[in-house]
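Every read-out reported here was derived from the displayed coordinates using simple, explicitly stated rules and does not represent laboratory data. Because the structure is a prediction, the values reported are computed rather than measured. Reconstructed Cβ throughout: ideal geometry from the backbone, glycine too, with neighbour counts over all protein chains shown.
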């Protein structure tokens, strides 16, 4: 399992920064790599960067490479935010970076309740969200393009 090309840096060695429109190509490649059936089209990703009230953050590896992305809403008139998309590039997974990026995204969303949708079969993501305090609150059969069920998960944070 030791692959010298995989960066062995721990999660705290990564930098979390605001993502901008200049990161859209990297975000699109990430979406294609980790969500091959459900990747957002480029136009939808563009909207994430130009619509007010959306939090976009990226993880940058110690070598300066793009390592992950999270986007979420923080509506002005609601107490609930949503994680729109979230992912870590395959070569940077399993290092605790997902936990760190998720926590920063939640903090920047700044709402007492945060929801997200995840494929019922995405056990690694469900495990991450469960450890972060998310609980399944509903199921959406046929939510994804291939008919797979989507799980709506929610985290209640201290106000």
- prompt: Is one or more of the residues making up region 114-125 over 28 Å from residue 15 (Cα atoms) and over 15 Å from the mean Cα position of the chain (by Cα)?
  reply: yes
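On the given criteria, is residue 102 over 17 Å from residue 25 (Cβ atoms), touching a residue at least 60 places away in the same chain (Cβ under 8 Å), touching a strand residue (DSSP E or B) at 6+ places or on another chain (Cβ under 7 Å) and buried (at least 22 other Cβ atoms within 10 Å of the Cβ)?
Values: over 17 Å from residue 25 (Cβ atoms): yes; touching a residue at least 60 places away in the same chain (Cβ under 8 Å): no; touching a strand residue (DSSP E or B) at 6+ places or on another chain (Cβ under 7 Å): yes; buried (at least 22 other Cβ atoms within 10 Å of the Cβ): yes.
The answer is no for residue 102.
Restricting attention to region 27-60, report how many residues are assigned to a helix (DSSP H, G or I), buried (at least 16 other Cβ atoms within 10 Å of the Cβ) and within 14 Å of the chain's Cα centre (by Cα). Before the answer, list the steps.
At the first step, the residues of region 27-60 found to be assigned to a helix (DSSP H, G or I) are 27-34, 42-50.
Subsequent filtering for residues that are buried (at least 16 other Cβ atoms within 10 Å of the Cβ) retains 27-28, 30-31, 34, 45, 48-49.
Now drop any that are not within 14 Å of the chain's Cα centre (by Cα), which leaves 27-28, 30-31, 34, 45, 48.
The qualifying residues number 7.
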message: Residue under question is residue 111, and the condition is that it be part of a loop (DSSP other than H, G, I, E, B) and touching a strand residue (DSSP E or B) at 6+ places or on another chain (Cβ under 6 Å); does it hold?
response: yes
